[in-house]
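Below is one structure, written out as structure tokens; the observations come after it.
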Amino acid sequence: MPNKPKGSFAKIVTVEPEQFDFFNMIELFGIKDRDAALQLVERATTQGGIHPGFGGRVTPAIQPPPEGEPKGALISDAFTMRSGLLTFIVEVDGRNTLDGASIYFSDGVQHRFQLDAISISENRSQGILHGTLNDTIAVSLYEPAFLSDRQWHGEDSDHDVVLYGVPYSIKIGTPPPIEVVDRIKDDGSKMPLNFEGAAIFMPMKDVPASLYSILGPVKRINPYELEVLAQKVWRVRVTIARIGDETDEDVDIDLFVPDTMWGEVGLPKEGDMIQANIRLCSRLWIANPVRAAIEGS
């Protein structure tokens, strides 16, 4: 297929188990008891369907792994492939092993992503993609559907991806101004630096890649069409950066926020500033579209 990667998968992957010691997204959606979580995963594993990832929409089937990688199955616990819980079943020493689970969404904001490297979990069922967004921003993206979509990744892969964030803390409002040296006057005096209307995202310190702190204005907010683990969810579009010669091109993502996270503060409205710590996630939208277009012409 023309969407297949031209370069090697093996040359860009590194096993980094510490990169997968991140917060539990299942807990954010109301599953706080260990036994309840295990029951949820057991139900997903035994009753769920194969999630095919990119390129397998017509007949869900287990996707072939890249050369040298273990066989694995991505299981979706829902009557829809659009959102919910994914569980990762992978072959380890000849035995099928439950290697993890994650909340996932298939919606978000489309961006171009050039893939440079991949961190994979110890049993090679999970992946964090490292690369460049829109030819400008270095990012690390957790890919919940990695087990099905890893076959599309390789050296020089250049994808269209859909980006979204799942927050584990969020609040409405602008941080207070901070005092900084006035570099315009350059006389040692200080000036207030204001954050109203700013768009900022920064990797968090001393945590696995794909975890970011963000600040940005809300562009729109809507109820998400589906419940996730019986939780009502809000879809919030936020600007997290601005690029271009005049910094006039917004980089937006969607946040998927459980209703319970808003607390007594209530929902934000368009134009409000959002501060959040998130896991930045991606869904493969079109694999290697430029190569596919060239070889298909």
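Right, residue 203: under 30 Å from residue 16 (Cα atoms) and either outside the structural domain of residue 26 (by TED's automatic domain parsing) or touching a helix residue (DSSP H, G or I) at 6+ places or on another chain (Cβ under 8 Å) (or both) or not? For residue 203, the condition - under 30 Å from residue 16 (Cα atoms) and either outside the structural domain of residue 26 (by TED's automatic domain parsing) or touching a helix residue (DSSP H, G or I) at 6+ places or on another chain (Cβ under 8 Å) (or both) - is met.
Pull up region 157-193, narrow it to residues that are assigned to a loop (DSSP other than H, G, I, E, B) and within 31 Å of the chain's Cα centre (by Cα), then point me to the one that is surrounded by the fewest Cβ atoms within 10 Å (Cβ to Cβ).
176
Close Cβ contacts (under 7 Å, 6 or more residues apart or on different chains) running from residues in region 220-243 that are among the hydroxyl-bearing types (Ser, Thr, Tyr) to residues that are assigned to a loop (DSSP other than H, G, I, E, B) comprise 239/199.
Scanning region 128-150 for residues that are among the polar types (S, T, N, Q) and surrounded by 23 or more Cβ atoms within 10 Å (Cβ to Cβ) yields a single hit, 148. Screening residue 105 on (1) without any contact (Cβ under 8 Å) to a residue 60 or more places away in the chain; (2) within 30 Å of residue 250 (Cβ to Cβ); (3) touching a strand residue (DSSP E or B) at 6+ places or on another chain (Cβ under 6 Å) shows it passes everything except condition (1). In region 135-146, is there at least one residue being out of contact with any helix residue (DSSP H, G or I) (no Cβ under 8 Å at 6 or more places or on another chain) and among the aromatic types (Phe, Trp, Tyr)? Yes, because at least one residue in region 135-146 is out of contact with any helix residue (DSSP H, G or I) (no Cβ under 8 Å at 6 or more places or on another chain) and among the aromatic types (Phe, Trp, Tyr).
The single condition among (1) within 18 Å of the chain's Cα centre (by Cα); (2) surrounded by fewer than 17 Cβ atoms within 10 Å (Cβ to Cβ) that residue 260 does not meet is (1).
If the condition is being buried (at least 17 other Cβ atoms within 10 Å of the Cβ) and either modelled with pLDDT of 85 or more or among the basic types (Lys, Arg) (or both), then region 49-65 contributes 50, 51, 52, 53, 65. Name the one entry in 147, 86 that is touching a Phe, Trp or Tyr at 6+ places or on another chain (Cβ under 8 Å), assigned to a strand (DSSP E or B) and not assigned by TED's automatic domain parsing to the domain that holds residue 228. Criteria check complete, one pass: 86. For the criterion of being closer than 25 Å to residue 127 by Cβ and outside any strand (DSSP E or B), residue 257 fails. In the set (1) within 23 Å of residue 11 (Cβ to Cβ); (2) not in a loop (DSSP other than H, G, I, E, B); (3) not basic (Lys, Arg), residue 100 fails one condition alone, (1).
Scan region 210-251 for residues that are in a strand (DSSP E or B), closer than 17 Å to residue 170 by Cα and either assigned by TED's automatic domain parsing to the domain that holds residue 142 or within 16 Å of the chain's Cα centre (by Cα) (or both) and report the count. Of the residues in that region, 10 qualify.
Just to be sure, is residue 290 assigned by TED's automatic domain parsing to the domain that holds residue 29, aliphatic (A, V, I, L, M) and closer than 30 Å to residue 118 by Cβ? Spelling it out, residue 290 is indeed assigned by TED's automatic domain parsing to the domain that holds residue 29, aliphatic (A, V, I, L, M) and closer than 30 Å to residue 118 by Cβ.
The values are calculated or read from the model by the stated rules, or taken from the named source; none is laboratory data. Computed from a prediction, not measured in an experiment: that's the story for all the values here. Methodologically, a virtual Cβ is constructed for each residue, glycine included, from the backbone with ideal geometry; neighbour enumeration extends over all protein chains shown.
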